[in-house]
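Heads up, the thing below is written out as structure tokens.
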Amino acid sequence: MNMVLFMLLILASALEFSVSWTTPPPLPILPIPTRSQLKWQTRELIMFFHFGVNTFTDSEWGTGHEDPAIFNPTELDTRQWVDVAANAGFSLVILTAKHHDGFCLWPSKYTDHSVASSPWRGGKGDVVGELAAAAKGRGLDFGLYLSPWDRHERSYGKEKDYNEYYMGQLEELLNRYGSVSEIWFDGAKGSNAPNMTYYFQSWFGMVKELQGSINIFSDAGPDVRWVGDEKGYAGTTCWSMVNRTSIQIGTSNVGYLNKGDHSGVDWVPPECDVSIRTGWFWHKSQKPKSLSHLLNIYYNSVGRNCVLLLNVPPNSSGLISGPDIQRLMEFRKAIDTIFTIDLASGSSIKASSQRGGSDSSFGPINVLDDDHLWTFWAPSEKTNSHWIELDWEGKEVRFNVVRIQEAVGLGQRIKSHEIYADGKMIVDATTVGYKRLHRLDWVVSARTVRIRVVESRGVPLISSVGLYFDPFWHGKQ
Ligand code: FUL
């Protein structure tokens, strides 16, 4: 070999050596979310509007015999509704287009039991249309609730006829009002209601046909499941997975829904529905829940891997009432106060190991950036003790909230974890999921905080960690 060729070979191998291919991420652990489910999860807060004839009759479940003449919200302004939602940090609003009483808030061509028979806007109004337009104008997404149980419609109980009626209404709603981000199929019905089968498979099929990126909510999903209670609290263990075949819509095992199933084959995360007042509909006699109650709900829903669907019922004038607006603003301000200063961001951070070695893109520093899905710390698969440690280099930090997030785009993995402050265990808990918030009963002062993953499905992937001081919380009373 001549000298030139030899030099060229050396150069080529050196070049090849300097092209350092990055270690790829680990394989996902199935099931994983769809793009629409991920978008839903990152919303964290959704607002529900229960509005209809019950708003005027002081009831929760209408009989179906209400006279449409009672529906006359003379000041109705859906722009006010969406302003309230947007100012409080909600990105999606869901309206009861039809509740169990069967009265339709849009002029359905399949019934006269609707706004078209009411005095409101001279019978020419359309609450669904007005809200869809207002939401779009304010940059919010829009969703619908269409009660399967219908106490007005005569065909209810005649299986084929009612399923046709219901699907006709679904088609109207999903074709007329632009993009619909979520649809709610409520499993509730009275114990004396006629027995009939709903053709869920046909309904779901048509919904997906008409709205490509929609999320379908029901007890059993397919996209979002009920959390199993109406308090807004998820289980302390909360998996996004379930086996859909184990869930019957309308007669579900609420414990199963509340916790999910670590071996479930379907990704169907829970939504926590709860009302800001006692009832779902507006009643003159009721008041909004206290700020501390709303914060409990937030920690027990958003802080347990769920989305909070908070109902704020418009009143009989057609507006959201002053006390509810005030409470929502307090709620927003409190969340901003708690979560604006992240004490973790001033720490240096190390980990038990790092996938691909210290030059890879899976270092623990990823848990301090703003991407809570696609940049994460991944440990080596060759070790089985997994932890990350934040260190303030001799300085003490004071906190009473710890936030941990998993890179759920690659599956929910962590089964149990512990947190230590200066070597002393302060949290012993189970799942994490998209977001876990631990609100401690006392204020911790520490120089180091270690998060140890005790058990997980495959290697744990932690996308974000935060530490905060919540001034509204004084421990369990
Ligand atoms: C329940 C219904 O019966 C309530 O009236 C309310 O709509 C709630 C969200 O779902 O099942």
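Read-outs: derived from the displayed coordinates by stated rules, not from any lab. Small disclaimer: the values here were computed from a predicted structure and weren't measured. Heads up, the Cβs are rebuilt from the backbone with ideal geometry, glycines too, and the neighbour counts pull from every protein chain shown.
Summary table
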| quantity | calculated |
| --- | --- |
| In nm, spacing of pseudo-spin labels at Lys395 and Lys382 (7 Å Cα→C-beta vector) | 3.6 nm |
| Under 5 Å, built H, 5+ apart or other chain: amide partners of Asp219 | Gly187, Trp226, Gly250 |
| Amide H contacts of His386 (H built 1.01 Å from N, under 5 Å, at least 5 apart or other chain) | Val453 |
| R0 of 30 Å, Cβ-Cβ distance Ser246-Ser213: FRET efficiency to nearest 0.05 | 0.65 |
| Net charge, Val453 excluded, C-beta distance under 13 Å - Lys, Arg +1, Asp, Glu -1 | +1 |
| Neighbour-count ranking [beta-carbon atoms within 10 angstrom, fewest first] of Cys104, Cys238 | Cys238, Cys104 |
| Summed side-chain charge close to Lys435 - residues other than Lys435 whose Cβ falls under 9 Å, Lys, Arg +1, Asp, Glu -1 | +1 |
| Part-to-part distance (alpha-carbon centres) for the stretch 63-83 and the stretch 280-334, which is given in Å | 20 Å |
| Cβ charges +1 (Lys, Arg) and -1 (Asp, Glu), total dipole of the stretch 389-477, debye | 240 debye |
| Gyration tensor (alpha-carbon) shape descriptor, the stretch 36-339, a/c threshold 1.5 | oblate |
| Cα gyration tensor, the stretch 209-321 - rounded (a/c under 1.5), prolate or oblate | prolate |
| Relative contact order (%) - the chain, alpha-carbon pairs under 8 angstrom, separation at least six | 15 percent |
| Computed [θ] at 222 nm, helices only, for the chain once each DSSP H run of length n ≥ 4 contributes -39500 (n - 2.57) | -7500 deg cm²/dmol |
| Given Lys287/Lys333; Lys231/Lys424; Lys287/Lys435; Lys39/Lys350, the pairs whose alpha carbons are separated by over 24 Å | Lys231/Lys424; Lys287/Lys435; Lys39/Lys350 |
| Net charge dipole size for the stretch 245-323 [Lys, Arg +1 and Asp, Glu -1 on Cβ; Debye, nearest 20] | 440 debye |
| The chain, dipole about Cα centre (Lys/Arg Cβ +1, Asp/Glu Cβ -1), debye to the nearest 20 | 620 debye |
| Difference of contour (0.36 nm per residue) and Cα-Cα distance, Leu291 to Thr23 | 91.8 nm |
| Per-residue HN-Hα couplings for the stretch 169-183 [Karplus 6.51, -1.76, 1.60; θ = phi - 60°; Hz; x = Gly/Pro] | 5, 4, 5, 4, 5, 8, 9, 9, 10, x, 6, 10, 8, 8, 10 |
| Surrounding net charge for Glu172, when Lys and Arg each add one and Asp and Glu each subtract one, Cβ distance under 15 Å | -4 |
| Computed lengthening from Thr74 to Ala188, 0.36 nm per intervening residue step minus Cα-Cα distance | 38.0 nm |
| All lysines inside 24 Å of Lys158 as judged from Cα atoms, apart from same-chain residues fewer than 8 positions distant | Lys98, Lys109, Lys189 |
| Ser179/Ser360 FRET efficiency (R0 35 Å; Cβ-Cβ; nearest 0.05) | 0.35 |
| Inter-centroid distance (Cα atoms) of the stretch 201-225 relative to the stretch 407-477, Å | 33 Å |
| Fully extended contour minus Cα-Cα distance, from Thr340 to Glu171, at 0.36 nm per residue | 56.5 nm |
| Positive-pole candidate from Trp267, Trp282, Gln405, dipole of the chain, charges at beta carbon | Gln405 |
| Karplus-derived HN-Hα couplings along the stretch 158-168 (A = 6.51, B = -1.76, C = 1.60, θ = phi - 60°), whole Hz, x at Gly and Pro | 9, 3, 5, 4, 6, 4, 5, 4, 5, 6, x |
